[in-house]
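The values are calculated or read from the model by the stated rules, or taken from the named source; none is laboratory data. In this text, all values refer to a predicted model and were calculated from it rather than measured experimentally. Because the Cβ atoms are built from the backbone with ideal geometry, glycine has one as well, and the counts that use them run over all protein chains shown.
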Amino acid sequence: MAAPALGIPIVVLNETLGAMLVGLIVGSMLQGINNGQAIYYFKHCQADPYVIKCLILFVLLLNALQIFLVGVAVYIRSVDHHSDADLSKLNWGDIAVVIVSALSDFGVKETFSYRVWRLSQKWALAAAIMSGAFVTFGFSLFLAITMVMAPNNLPNRVGTLGSLITLAISDVIMSVVLAIVFWRRRSMFASVNRILRIAILYTMETSLVTGVGSMAGVIMYVTLPNTAIFEAVLWILPHLILGSLLFGRIITDHTTLQEPGT
């Protein structure tokens, strides 16, 4: 196929604008699902403290803002910088997406850690989740600062790899902790245990998917550092992990309602 009229090879467009557009579309779909989960959560899950509800709403709004910023980044690169579609120059949308995504991940894991503490009364399990979240946020903040200081260069390699690797590790740790907590919540009632098994499997699978996605981002960044493929993968992860949080909260609330005497 011939190159487009603006003179940029198709392979470059596929690896930059194409990957960004796919990430934007999938992220938007997941955001729509999260919105539906959030409506159900705020309507039916009345037991959660006001602070947690505000935190979940904050993360939901951050994810919506991320979708907007990704759209801005795609627009700037495809329209304003249509003659320079590669990643040699960063725009403010690219930098803002990193900051918003880091805040979203931190907020979700803070909420997960609180839920773990409430269900298990064990600070060590909650601290295991938060320690990974703090390290990931630190690397992401370092990456954002280097992007602001050197917008004409590719993203800092140490910050990018550090963010990706610590994100993958923290997601795996979280999946294990959540499985332990949910399993300890087993009941003598078979119907409750069936729902808990669903929650365990879904939460573990979602957390592991985000962890695998982060590791896939590492591999893509190492092998294809001048493309946006790894960015497109990472843009999807905050929406997956928020969906896991909302689903797990709805399920645990449902099991509480099903237990006699509650």
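Annotations for the structure displayed:
- In the set 100, 116, only one residue is buried (at least 18 other Cβ atoms within 10 Å of the Cβ) and under 12 Å from the mean Cα position of the chain (by Cα); that residue is 100.
- Residue, farthest from residue 52 (Cα to Cα), within segment 86-139, restricted to residues that are of a type in the set (S, T, N, Q) and modelled with pLDDT under 85: 88
- Filtering segment 140-166 to residues that are of a type in the set (S, T, N, Q), in contact with a helix residue (DSSP H, G or I) (Cβ under 8 Å, 6 or more places away or on another chain) and over 30 Å from residue 48 (Cα atoms) leaves 146, 156, 160, 163.
- Failed criterion for residue 154 (all others in (1) more than 12 Å from residue 98 (Cα to Cα); (2) assigned to a helix (DSSP H, G or I) hold): (2)
- A search for C-beta distances below 7 Å between a residue of segment 50-72 that is under 16 Å from residue 113 (Cα atoms) and any residue that is surrounded by fewer than 16 Cβ atoms within 10 Å (Cβ to Cβ), counting only pairs 6+ apart in sequence or on different chains, returns 53/42.
- For residue 223: the one exception among (1) over 20 Å from residue 27 (Cβ atoms); (2) among the hydroxyl-bearing types (Ser, Thr, Tyr); (3) at pLDDT below 75: (3)
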